[in-house]
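Peer 1: Just dropping this structure here.
The values are calculated or read from the model by the stated rules, or taken from the named source; none is laboratory data. These numbers come from a predicted model, not from an experiment. Glycine gets a Cβ as well: all are built from the backbone with ideal geometry, and neighbour counts include every protein chain shown. With ligands, DNA and RNA removed, areas are computed over all heavy atoms of the protein, side chains included. Shrake-Rupley method; radii C 1.70, N 1.55, O 1.52, S 1.80 Å.
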Amino acid sequence: MKILEINGKKAIAEFLNVQREIRLDAVPHAKVGDHVMVHAGLAISLISSEEALDIQNMWKELGEDVELFI
Amino acid sequence: MWSFSSDSPVRIMEVCGTHTHELFRTGLRFSLPPWVKLISGPGCPVCVTDDRDLAKVIMMAREYELTVLTFGDMLKVNTEFGSLASLRSEGRKVEIVYSPVDAVTYAKQHPDERCMFVSVGFETTMPSAAVAVKEAIELNIGNLFFFVNHKLLPPALDALLSTGDMDIDGLILPGHVSAIIGRRVYEPILLRHGMPGVITGFTKDHMRTGINLLLNLVVHHEAKVLNAYPEVVQEDGNPQAKELIEKYFEPTGAHWRGLGFIPNSGAKLRPEYNHLDAEVAFPVSEPMVHPPHGCRCGDVVLGTVDPVDCPLFGTVCTPQNAVGPCMVSSEGACAAWYKYGGLRHV
Amino acid sequence: MCERILLSIGSGGEEMQSFLQDVVFPAIGSEIHGDSALIGEVALTIDSFVANPPVFPGGSLGTLAVSGSVNDLVASGARPTALAVSLIVEEGTEVELIKNVLTDIRITSQRCSISVVTGDTKVVPKGAADKLFVTSAGIGKRCLAFAQPTAGDHVITTGDLGRHGAAMLIANNKYQLKTSIESDCAPLHWLIDVLKPFEGHIKWMRDPTRGGAATVLHEFAKEFRLGVRVYEERLPVQPEVRGICELLGLEVLHLPSEGQMLIVCDSAVSEDVVESIRLHSPDAAIIGEVTAEHQTVTRMVEGAETFVPMLTGEMLPRIC
Ligand code: SF4
């Protein structure tokens, strides 16, 4: 969900135009505009888009003969 | 280099119930090569909750006239003492919440009711439950008590992998639990058992990537723990979330359906918060319960049998008339097999 | 079967089916099917309405009561002619609420040019009802006959799905979600005239209310021993409704609509039928087809086919 506004430990977050109050206790550095993974009303992780690139590296690490099975 | 076939397939376990469900729902399950067999694991919190714990909740609510607040899937699990749904039909209030913090709000708005929040789930829900405890203390809510029955994944995986007859080649590790506990904690456990594992997200693409990585590890006999969900999962998880958990909860032995008693595999409130502990406030005698007759949920969460191997599956036991929790919970393997099973990829 | 009624029976899913089979039909001594009955050329329907809250974005119990009965009549191929409405009011309910609901009954019935010809009101002690329950009965004149469905027929929706259910989840604020969607609750009285020119090619229709599109399509599959395949990418669903489903872990095809109809018709005319419906309801679409392969409902998502389960139990959010 995307954070729209922050009020201390609480925030309003949005997903597909649907808003809900969430808690930020576990992601104290979250800023307005950040995307967070929300579970049972609590943001449990900041979603960083750059890290998705790590997957690419992981593939490389696995060596030459990586196969795609599905 | 490798010789797997549909007769001696690669057996990979999706530990988490949400994966079970999503693999069916997105149809990805049916696109797997024939030499891959998916096995559902113990990662559905409702399914592994022991009957005696749920029976206790029902007894407490009856005896002390409590309003029960909990997550949706708990509602229909049946015990010899009834279910939360039948409790509600007897006139007790049973409220479903989206977040544990909503239980605090409810208690505040209903000062004349004694409320009990039944807190179940793995590490994923624990920080949120911790915030609810914190909030209840800060707002000085006097009428909310916590029945804490959380389960911890790493000790359960260890126990699972230690039961000799498991025959699993790799683990699809849950993305959300890992967001809290991180990647590193799995390493000693999985490596000790020579078991590869990949932390995987829940969209079709995430699952495709995770399973591809895992199959590569399996066919190359590489026991590694990879994180295929790095945008959400960090090496050591979420330190603030772990802090919240540690501040309010402490490990305790827990009964798991299927796995039995595992030391330090559950969590309860720390003694400082005894005054909020429902089990302290509303003592009941330990209920005697027997697992539903004929139900093989215990083996299903271990992955030793497929739901269809249960003689009750689909005949006596269906989602609207569920015998065991694996059929009740929307993440339960039996429910997923019943709802989506049997259809081929076209 | 339990000795007490569980709330899940009322969700319109499988529990309701077994309740009807095990309790209702044996007790009344006959099997009742469909949302309305034909007595000669007269169609008769009756429905009770509860809503929490009774007034919600997009309508009220009043709009629901009229639309519900009108749509049930239309589903049986009848043109609605008159309604009867009865209220059960809880002691202490604000008069304002009753006025609002009755006004909506008037406006909605005027919209489809039918009148409320009789009614009844009972007041019950506080606690014996939740503010207001409305029952409406409708009669209509049969004017559209249905042909026999076969494999290859197309499945059409008159508009976007699941909006009423989603709007109610927002309006009762149980899960504290906020968004700006309104219930789709509306009468489909115009549909009969739109479909009349295609008579002979129209095979079946049903309004996907309680239990959502999945439930009525399962009923179709069971009744005709045919299958239904819906295509995920063709389903008209508003983003907000998707958002709510994602956040709460709900199946969009389980959410009720109160102003839509699912229609099975000959594939040769389906495009034309959709065109004609679009003049009244722009989101109309062909969402799937009838198959002979299996007697159930399936969904195609990115080349893979999976079952669409029927709703079981109450619609509740999942925890993981
Ligand atoms: S099918 Fe039912 S009885 Fe059999 S293991 Fe699953 S939940 Fe238990």
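Peer 1: Checking B:GLY237 against (1) in contact (Cβ under 8 Å) with a residue 40 or more places away in the chain; (2) within 18 Å of the chain's Cα centre (by Cα); (3) crowded, with 19+ Cβ neighbours inside 10 Å: exactly one of these is not met. Which one?
Peer 2: Failed condition: (2).
Peer 1: With respect to B:GLY253, is the statement that it is more than 16 Å from the ligand (Cβ to nearest atom), out of contact with any strand residue (DSSP E or B) (no Cβ under 9 Å at 6 or more places or on another chain) and more than 14 Å from chain A (Cβ to nearest Cβ) true?
Peer 2: For B:GLY253, the condition - more than 16 Å from the ligand (Cβ to nearest atom), out of contact with any strand residue (DSSP E or B) (no Cβ under 9 Å at 6 or more places or on another chain) and more than 14 Å from chain A (Cβ to nearest Cβ) - is not met.
Peer 1: Further question on the same structure: Looking only at the stretch B:82-101, how many residues end up being charged (D, E, K, R) and open to solvent by less than 10 Å² (accessible area, probe 1.4 Å)? Reasoning before the result, please.
Peer 2: The first filter runs over the stretch B:82-101 and keeps only residues charged (D, E, K, R), leaving B:88, B:90, B:92-93, B:95.
Next, from what is left, pick out any that are open to solvent by less than 10 Å² (accessible area, probe 1.4 Å): none.
Count: 0.
Peer 1: Count, please, the residues in the stretch B:295-321 that happen to be more than 6 Å from the ligand (Cβ to nearest atom) and closer than 28 Å to C:ILE9 by Cα. Can you show your working first?
Peer 2: Going through the stretch B:295-321, the residues more than 6 Å from the ligand (Cβ to nearest atom) turn out to be B:298-299, B:301-306, B:308-309, B:311, B:314-316, B:318-321.
Filter once more, so that each one left must be closer than 28 Å to C:ILE9 by Cα: B:308, B:311, B:314-316, B:318-321.
Result for the stretch B:295-321: 9.
Peer 1: Looking at (1) surrounded by fewer than 17 Cβ atoms within 10 Å (Cβ to Cβ); (2) in contact with a Lys or Arg (Cβ under 6 Å, 6 or more places away or on another chain), which is the only condition C:ALA268 fails?
Peer 2: Of (1) surrounded by fewer than 17 Cβ atoms within 10 Å (Cβ to Cβ); (2) in contact with a Lys or Arg (Cβ under 6 Å, 6 or more places away or on another chain), only one is false for C:ALA268: (2).
Peer 1: Let me ask you something else. Please go through (1) open to solvent by less than 10 Å² (accessible area, probe 1.4 Å); (2) more than 9 Å from chain A (Cβ to nearest Cβ); (3) modelled with pLDDT under 95 for B:ASN212 and return the number of the only condition it doesn't satisfy.
Peer 2: If we test B:ASN212 against (1) open to solvent by less than 10 Å² (accessible area, probe 1.4 Å); (2) more than 9 Å from chain A (Cβ to nearest Cβ); (3) modelled with pLDDT under 95, just (2) comes out false.
Peer 1: Let me ask you something else. Of all residues in the stretch B:240-250, which are more than 10 Å from chain A (Cβ to nearest Cβ) and in contact (Cβ under 8 Å) with a residue 24 or more places away in the chain?
Peer 2: B:LYS247, B:TYR248, B:PHE249
Peer 1: Whether any residue in the stretch C:161-182 is open to solvent by less than 10 Å² (accessible area, probe 1.4 Å), on the phi > 0 side of the Ramachandran plot, more than 14 Å from chain B (Cβ to nearest Cβ) and in contact (Cβ under 8 Å) with a residue 40 or more places away in the chain is what I want to check.
Peer 2: yes
Peer 1: Restricting attention to the stretch C:109-139, which residues are closer than 18 Å to C:LEU64 by Cα and either assigned by TED's automatic domain parsing to the domain that holds C:SER267 or β-branched (Val, Ile, Thr) (or both)?
Peer 2: C:ILE114, C:VAL116, C:VAL117, C:THR118, C:THR121, C:VAL134, C:THR135, C:ILE139
Peer 1: Could you say whether any residue in the stretch B:74-81 is crowded, with 23+ Cβ neighbours inside 10 Å and assigned to a helix (DSSP H, G or I)?
Peer 2: Scanning the stretch B:74-81 turns up at least one residue that is crowded, with 23+ Cβ neighbours inside 10 Å and assigned to a helix (DSSP H, G or I).
Peer 1: From the list B:PRO325, B:PRO287, B:PRO292, which residue is under 14 Å from B:THR79 (Cβ atoms), more than 7 Å from the ligand (Cβ to nearest atom) and in contact (Cβ under 8 Å) with a residue 40 or more places away in the chain?
Peer 2: B:PRO287
Peer 1: Pick out the one residue from B:GLU95, B:GLU90 that is out of contact with any Leu (no Cβ under 9 Å at 6 or more places or on another chain) and within 14 Å of another protein chain (Cβ to nearest Cβ).
Peer 2: Matching residue, one of B:GLU95, B:GLU90: B:GLU90.
Peer 1: Report, by residue number, each residue of the stretch B:147-182 that is charged (D, E, K, R) and open to solvent by 30 Å² or more (accessible area, probe 1.4 Å). Steps first, answer last, please.
Peer 2: Step one: filter the stretch B:147-182 for residues charged (D, E, K, R), giving B:151, B:158, B:165, B:167, B:169.
Result: B:ASP158, B:ASP165, B:ASP167, B:ASP169.
Peer 1: Pull out all pairs, ordered by first then second residue, where Cβ-Cβ is under 7 Å, the residues are six or more apart or on different chains, the first lies in the stretch B:203-227 and is without any contact (Cβ under 8 Å) to a residue 12 or more places away in the chain, and the second is in a helix (DSSP H, G or I).
Peer 2: none
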